[in-house]
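The values are calculated or read from the model by the stated rules, or taken from the named source; none is laboratory data. It should be emphasised that the depicted structure is a prediction, and the values quoted were computed from it without experimental measurement. Note that each Cβ is placed from the backbone with ideal geometry, even for glycine, and that neighbours are counted across all protein chains shown. The accessibility values were calculated without ligands, DNA or RNA, using every heavy atom of the protein model including side chains. Shrake-Rupley method; radii C 1.70, N 1.55, O 1.52, S 1.80 Å.
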Amino acid sequence: MLLQVNGLGKHYGTTTALSNISMQIQERDRIGLVGVNGAGKSTLLKIIAGEMSADEGEIFRAKETRIGYLAQNSGLQSDRSIWDEMMGVFAALLEAERELRELETRMSDPDLADDEKAYEAILHRYSVKSDQFREQGGFRIENRVRSVLHGMGFGSFDPNTVVRTLSGGQKTRLALARLLLQEPDLLMLDEPTNYLDIQTLTWLEDYLRGYSGAVLVVSHDRFFLDAMANVIYEIERTRCKRYTGNYTRYMELKAAEYEIELKHYEKQQDEIAKMEDFVRRNIVRASTTKRAQSRRKALEKMDRLDKPAGELKKASFRFETERQSGKDVLYAQNLAASYDGTRRLFDHASFELRRGDMAALIGPNGIGKSTLLKILTGQKRQDAGTFEWGTNVALGYYDQEQQGLNPNNTVLEELWGEYPHLEEVRIRTVLGSFLFSGEDVLKKIVSLSGGEKARVSLAKLMLKQANMLILDEPTNHLDLFSKEVLEAALLDYEGTLLFISHDRYFLNKMADRVLELHAGGIDDYLGNYDDYVEKKRELAAFEAERIAEAGAGKPAGPKTGGGAVGPGTGSAAPSAAWREAGGDADAAGGAKPKDYEAEKQQKREERGRQRKIEQLELAISTLEDETAALEAALLDPGVYNDYVAVQKVNADLESKKSQLERLYAEWEELSS
């Protein structure tokens, strides 16, 4: 046991943030801490780290347990270079190395050779110090630093780069790199994935899985929690509960637990109702009054179960379109952009979008993904290339930095100022669906959390009724529940979607195309993120085989272009007919290969089929549980001795079985 938390509580005036929190952390635990925004996750980490005091409870640490803590957005502030800052972690080892060099110098002194006793003493000291240095990893310091810097996305950086010249996100990544090099016994990370691209995220997952100490992570990244965690602690309504397994297992256990608690509660409520009815009917009868009094006493002594708390209130919204766009939505050809007019980010970026596309734009941090979106939305000019929107396209843009919000406005003013023609009741209704009710709508934007600002931006976007949504990291700052609501809204959206995200769960659920941006342009892949990874793996294997054959003197097969389709690798400019049709390729006789459209449609149908199968399996599981409960009820003396109750249970049972047969048939048809 590294650390134990017992009965911890934290209050802010009359508001309770945490109550009776208990937690155990053992060596090699990989713990995910989850809960809605504002549940108290960051507060708990700060208390454990000693940065905040608790109002009650105790924390016990094993002797000499070292805790490393990285708060949200806590970038490294330093005037030193990247290399010096990382090497500073090993100051004690570097000092030991200097001492070894000094001992080596003294050992080579010819005058010392005459003093055999002194020479033996120095030789012994050198041997002890050298063994300690080796055991503590002294000979691997530079390799460790290079490995972690490369994994955290600094492999191409000049190691002499001064830390203070880095961006906010880079400073946060560097702070994480420094903490990983320190290797504390308990590593606590608060939302470490916010500023990491997919490649860095994958590296971090692997690193944490093999980490020698324990890990406690607050994260809203479901893919990350599934890959890393073996224990989930959930904070809900100020209390904490432990679940064994990763995030997916936690969701399964939580759902099953709720169903069991609800059945127990409902069963007890039925018993109470029957006992109360018996008392009411028999208390005044002389022949039955004693039995009625006995049951009344039993009711008074009964330990009544609380109704299990259902799901917390969630945001609820949908994106609607005012009108439909043309079938061809966007044609981008050979776009190029630079950073500050000096460093070129990308060249020859070409792609197109058709109505209904759900396209994910991915690529490493710093390649210019957000810049490309700003070019398409007119906020920035491209260095080269052209792009053309199709007919009737109405744009809606979500900025991850929330720069479109006025910090001096209240929440109500922010929406009403954008849509002054709407009545106040309509604005308040919309805000209520995004969990802003009562006095919440009078909060200033500047005082809102990241998640609250995100919900305001989404509310504004919803009211726009755009048929083309461009979203830059829409899931950043959203808790797990809000992400699920956003996904549901976008799955029902009838327009076109282009989005940036490093949330691989979100990418898998939303994308039917993946546009990979790199310095030389865009490669276009059909399918979701898993399909993209599989295609990249196939291409890498093919390329390795091609190189091996070329090395063996065999004729090499043709080199592929990364699985790109359409204009992803640079196609001809849009035809005059496309322009004359107002960007509607169908009106102009069509522009895309039939096999591309057929494959894309096939992918959509397959994803729809899989979603339907998942829904059916969930419904079947629920019905099977309900059927089992009804069959068990028939064995209850309180039921089988009551003819009316037996009839009711049998009727319910037949209805459930009939529904099950229908669902089984649907499932078999879809699964075949």
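Summary table below
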read-out	value
Antiparallel bridges, percent of DSSP beta bridges restricted to the chain (to nearest 5)	55
Rel. contact order, % - alpha carbon contacts under 8 angstrom, at least six apart, segment 411-518	23
Segment 142-198 - accessible surface per residue (Å², probe 1.4 Å)	38
Glu320 - accessible surface, heavy atoms, 1.4 Å probe, Å² rounded to 10	90
At most 11 other Cβ within 10 Å, DSSP loop - trypsin sites (Lys or Arg not before Pro), segment 107-186	none
Percent accessible area from carbon and sulfur atoms, segment 1-115, protein chains only, probe 1.4 Å	44
Using a Förster distance of 35 Å, the FRET efficiency for Arg28-Ile620 (Cβ separation, nearest 0.05)	0.40
Dipole of the chain, positive end: most advanced residue of Ala273, Ala619, Thr244 [Cβ charges, Cα centre]	Ala273
Probe 1.4 Å - accessible area at His502, Å² to nearest ten	20
Radius 12 Å from Cβ of Phe223, net charge of other residues (Lys, Arg +1; Asp, Glu -1)	-1
Residues of segment 612-630 with amide N under 17 Å of the 7 Å Cα→Cβ point at Trp667	612-629
Karplus (6.51, -1.76, 1.60) ³J(HN,Hα), θ = phi - 60°, over segment 318-335, in Hz, Gly and Pro reported as x	8, 8, 10, 10, 6, 8, 8, 7, x, 5, 9, 9, 8, 10, 10, 10, 6, 6
Extended-chain gain in nm, criterion 0.36 nm per residue less alpha-carbon gap, Val646 and Lys380	88.6 nm
Computed E for Asn230/Leu123 - FRET, C-beta separation, R0 41 angstrom, nearest 0.05	0.30
Size of charge dipole - the chain - debye, nearest 20, with Cβ of Lys, Arg +1 and Asp, Glu -1, no other charges	1680
3J(HN,Hα) from dihedral phi, segment 264-274, Karplus parametrisation 6.51/-1.76/1.60, rounded to Hz, x for glycine, proline	4, 5, 5, 5, 5, 4, 5, 4, 4, 4, 5
Estimated Rh, segment 126-277: Kirkwood, alpha-carbon pairs, angstrom	19.1
Positive-pole candidate from Thr377, Ser167, Thr200, dipole of the chain, charges at beta carbon	Thr377
Under Karplus coefficients 6.51, -1.76 and 1.60, residue-wise ³J(HN,Hα) of segment 645-653 in Hz, glycine/proline x	5, 4, 4, 5, 5, 4, 5, 4, 5
DSSP bridge orientation in segment 417-559 - percent antiparallel, rounded to nearest 5	55
Selection from Gly432, Leu463, Ala92, by position along the positive dipole direction of the chain (Cβ)	Gly432
Rounded to 5, the percent of DSSP beta bridges in segment 132-282 classed as antiparallel	55
Area of Glu654 that stays accessible when all protein chains are in place (1.4 Å probe, Å², to 10)	110
Gyration tensor (alpha-carbon) shape descriptor, segment 308-407, a/c threshold 1.5	oblate
Sparse-neighbour loop sites [trypsin sites (Lys or Arg not before Pro); segment 63-97; at most 12 other C-beta within 10 Å; DSSP]	Lys63
P(r), alpha carbons of segment 432-514 - 5 Å bins starting at zero, rounded %	3, 12, 26, 25, 18, 9, 5, 1, 0
Average projected area [Cα convex hull, segment 1-118], square nanometres	13.1
Descending semi-axes in Å of the chain, equivalent ellipsoid built from Cα gyration tensor	50, 42, 26
Those residues of segment 645-663 whose amide nitrogen sits under 17 Å from the label point placed on Glu266, 7 Å along Cα→Cβ	645-660
Length added when fully stretched, Met52-Lys297, from 0.36 nm per residue minus Cα-Cα	83.3 nm
For segment 215-350, accessible area per residue (1.4 Å probe, heavy atoms of protein chains only), Å²	59
Relative contact order for segment 93-169, counting Cα pairs under 8 Å that sit 6 or more residues apart, in percent	28
The chain: calculated mean residue ellipticity at 222 nm from DSSP helix runs of at least 4, using -39500 (n - 2.57)	-15000 deg cm²/dmol
C-alpha center-to-center spacing [segment 377-441, segment 318-349] in angstrom	20
Segment 1-78: GluC sites (Glu not before Pro) in DSSP loop, at most 13 other beta carbons within 10 Å	Glu27, Glu51, Glu64
Value of D in µm² per second that Stokes-Einstein yields for segment 407-465, Kirkwood Rh from Cα pairs, at 25 °C (0.890 mPa s)	221
The chain: relative contact order in percent, alpha carbon pairs under 8 Å with at least 6 residues between	12
